[in-house]
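Colleague: What follows is a single structure, and I will ask about it in a moment.
The values are calculated or read from the model by the stated rules, or taken from the named source; none is laboratory data. Small disclaimer: the values here were computed from a predicted structure and weren't measured. FYI the Cβ positions are ideal-geometry reconstructions off the backbone, even for glycines, and counts take in every protein chain you see. With ligands, DNA and RNA removed, areas are computed over all heavy atoms of the protein, side chains included. Shrake-Rupley method; radii C 1.70, N 1.55, O 1.52, S 1.80 Å.
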Amino acid sequence: MLLRLLTLSLVAWLVPVASPAQDPPEYSLAVQMVQQQQWTAALEQIRNLKKQYPGNPKVENLEGLALIGTGNRQGAAAIFQSVLAKHPDFFPALKNLAVLEWQMKKPTAAGHTEQALQISPRDPVLSAYRAISDLEMKDVFAANRHLDQAGNAISAMPPETEMRLAYLLGTRGLYARSAYVFQDTASRGVDSSNLKYNLGLAQYFAGDYAGAIKTLEQAESRGHTSDGLNLLAQAYEHNHQTQLAIDRLRQATQLFPADENNYLDLAAICIDHNAYPLGIEIVQIGLQNKPASERLIFQLGLLHALLGDYERAREEFRKAGKMAPGKDLPLAALELADIQQNDRGTRQETIQKLRNNLKQKGDSAILCYLLGSSLIRDGAQPGSPEYIEARRVFQKAQRLDPDLPYPYIELGKMLDTEGKTTAAIALFEKAAVLGPRDPAAYYHLARDYQKLKQQQKAEQMLNKVEEIKQRGREFEYVGLTKPES
């Protein structure tokens, strides 16, 4: 593969040996031997040419190509370096050396690639390799530009190198491009479970759920893995095929009972569909296999809280907190359970605890949201110091985690209280996008549209609320009852 890349890309760049008119026949014969992979004969011919044309960079460059063909990469690199010592701007040798060093994982590869690109800035092969350097330096803009210049030249890379390019694209968030490069590698005959999983992962993050499902189903048909089944389930859920997601996660819990992630994700689907008792059942099954799982215990507490059973929720949150004393979430959840109680003294104590915790951990969006919620629940009125504090911490929660929908809802409710209906609608709409399965945002949108006498929009939002509730009832009924196929 490397020789094919070098030969096809570089022979055309070689300068005439003897005169500008044409190459002498003995040189053309040596080129032909290299192209036909007749390494021993080619090297013999090149040695004779070196005697006839001593120090000619073109002849020595061809020798480097022939040495690569024999597997002598170190010798080839030495030849290219020797040519460049005498002719620093001889592009074919510089390009050959750069590409060879990438295959040899030499730290000088990036520098020689950059040097060669200064001579030929739009060279497709060098641009493909330069993109790897860009991604390693987290320069996404430059990587995209060089990949645009590379075009189909990525296909000339050795599969191992192309897979590294695809992996780096994924780690930098360029998921669609990562999937394209993985697919290109697969189209060249590379067929491994690792490649299939990474391709499916890139497709999933790129939003191509149907493509991810196809890829991962092919991979799973050869043998199941916990990660593969879990990712496949996530793709089905995002593709609005919830029952298939459930089936795959259930299969994962049966085949890999010690992997807590599958129970957690199955319970998360139950939460999304408001099927809390079913979620509790799933988590309890998980705890039979992993009784010391802090994450499962926390999830059990969360499900009890969502059902309104705050005493049980407290008990589970305390257990989770003891098992993970450095984490914010069990602490925050325990305080959330306390907030729900009607005793004002308990709420005041919780508010003070939250303030103290925020002083120690000021970068927690969840704690900011909980403090604001507790202040409002405790009766903070517009204009009061507590109300101003609540607004401030809700806004801070937005900044710390822009994807958390709950602060948007609370700020929208505050704007409603102040009579700023249009501004409140904008926040509720944002919350609905971030949490499409939570009916709260749609409920407030319906009320505000009614205030503005936009009856059609209000009815659409109320229908959405009912749709979410109905989906939860159907899920509770059908959920895990589908028989094995």
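Colleague: For residue 451 and residue 254, compute 0.36 nm times the residue count separating them, minus their Cα-Cα distance, and round to one decimal in nm.
Modeller: Details: separation 197, 0.36 × 197 = 70.92 nm, distance 5.15 nm.
This chain segment gains 65.8 nm when fully extended.
Colleague: OK, next. Let me know the shape class of the stretch 198-274, please: from the alpha-carbon gyration tensor, a ≥ b ≥ c as square roots of the eigenvalues, rounded when a/c is under 1.5, otherwise prolate if a/b is greater than b/c, or oblate.
Modeller: Details: a/c = 1.90, a/b = 1.15, b/c = 1.64.
Oblate, because a/c is 1.5 or more while a/b does not exceed b/c.
Colleague: Then there's this: Show me the three semi-axes of the equivalent ellipsoid for the stretch 354-432, from the C-alpha gyration tensor (sqrt of 5 times each eigenvalue), largest first, rounded to whole Å. Could the numbers behind the result be given before it?
Modeller: Values: eigenvalues 81, 51, 13 Å².
The equivalent ellipsoid of the stretch 354-432 has semi-axes of 20, 16, 8 Å.
Colleague: Volume per residue, Å³, of the convex hull around the alpha-carbon atoms of the stretch 22-140?
Modeller: Normalising the Cα hull of the stretch 22-140 by residue number yields 109 Å³.
Colleague: Give the accessible surface of the chain per residue, rounded to a whole number of Å², with probe radius 1.4 Å and ligands, DNA and RNA excluded.
Modeller: Dividing the accessible area of the chain by its residue count gives 48 Å².
Colleague: Do any GluC sites (Glu not before Pro) in the stretch 35-64 lie in a DSSP loop with no more than 14 other beta carbon atoms within 10 Å, and if so, which?
Modeller: Numbers: sites: 44, 60, 63; in loops: none.
For GluC sites (Glu not before Pro) across the stretch 35-64 that sit outside H, G, I, E and B with at most 14 neighbouring Cβ atoms in 10 Å, the list is empty.
Colleague: Hey, if you put +1 on the Cβ of every Lys and Arg and -1 on every Asp and Glu Cβ in the chain, which of 306, 460, 68 ends up farthest toward the positive end of that dipole?
Modeller: Of 306, 460, 68, it is 68.
Colleague: Which loop-located trypsin sites (Lys or Arg not before Pro) does the stretch 211-282 contain, where loop means any DSSP state but H, G, I, E or B and the Cβ has at most 16 other Cβ atoms within 10 Å? If you can, show how the numbers build up before the last one.
Modeller: Values: sites: 214, 222, 248, 250; in loops: 222.
When the trypsin sites (Lys or Arg not before Pro) of the stretch 211-282 are filtered for loop state and at most 16 Cβ neighbours within 10 Å, 222 remain.
Colleague: If you place +1 on the Cβ of every Lys and Arg and -1 on the Cβ of every Asp and Glu, how big does the dipole about the Cα centre of the chain come out, in debye to the nearest 20? Please report the intermediate quantities before stating the final value.
Modeller: Details: 55 positive and 56 negative charges, 158 e Å.
I would put it at about 760 debye.
Colleague: Given the chain, report the % of alpha carbon pairs whose separation exceeds 27 Å.
Modeller: Percentage above 27 Å: 69.
Colleague: Now for a different question. To the nearest 0.05, what FRET efficiency results for residue 29 and residue 224 with a Förster distance of 45 Å applied to their C-beta separation? Don't skip to the answer; put the middle values down first.
Modeller: Numbers: r = 56 Å, r/R0 = 1.25.
Efficiency for this residue pair is about 0.20.
Colleague: For the stretch 35-96, what is the charge dipole size about the Cα centre, in debye to the nearest 20, if Lys and Arg each add +1 at the Cβ and Asp and Glu each add -1 at the Cβ?
Modeller: Working: 7 positive and 4 negative charges, 12 e Å.
For the stretch 35-96, the charge dipole is close to 60 debye.
Colleague: Once fully extended, how much extra length lies between residue 139 and residue 40, figured as 0.36 nm per residue of separation less the alpha-carbon to alpha-carbon distance?
Modeller: 31.3 nm
Colleague: Roughly what % of Cα-Cα distances in the stretch 111-234 sit above 19 Å, to the whole percent? Provide the component values of the computation, followed by the final result.
Modeller: Values: 3618 of 7626 pairs.
It works out to 47 percent of all Cα pairs.
Colleague: Which whole-number percent of Cα pairs in the stretch 162-308 have a distance greater than 18 Å? Write out the running numbers ahead of the final one.
Modeller: Values: 6325 of 10731 pairs.
That tail contains 59 percent of the Cα-Cα pairs.
Colleague: The stretch 37-132: which trypsin sites (Lys or Arg not before Pro) are DSSP loop and have at most 12 other beta-carbon atoms within 10 angstrom? Don't skip to the end; give the middle numbers.
Modeller: Values: sites: 47, 50, 51, 58, 73, 86, 95, 105, 122, 130; in loops: 105, 122.
In loop regions of the stretch 37-132 (DSSP not H, G, I, E or B), the sparsely surrounded trypsin sites (Lys or Arg not before Pro) are 105, 122.
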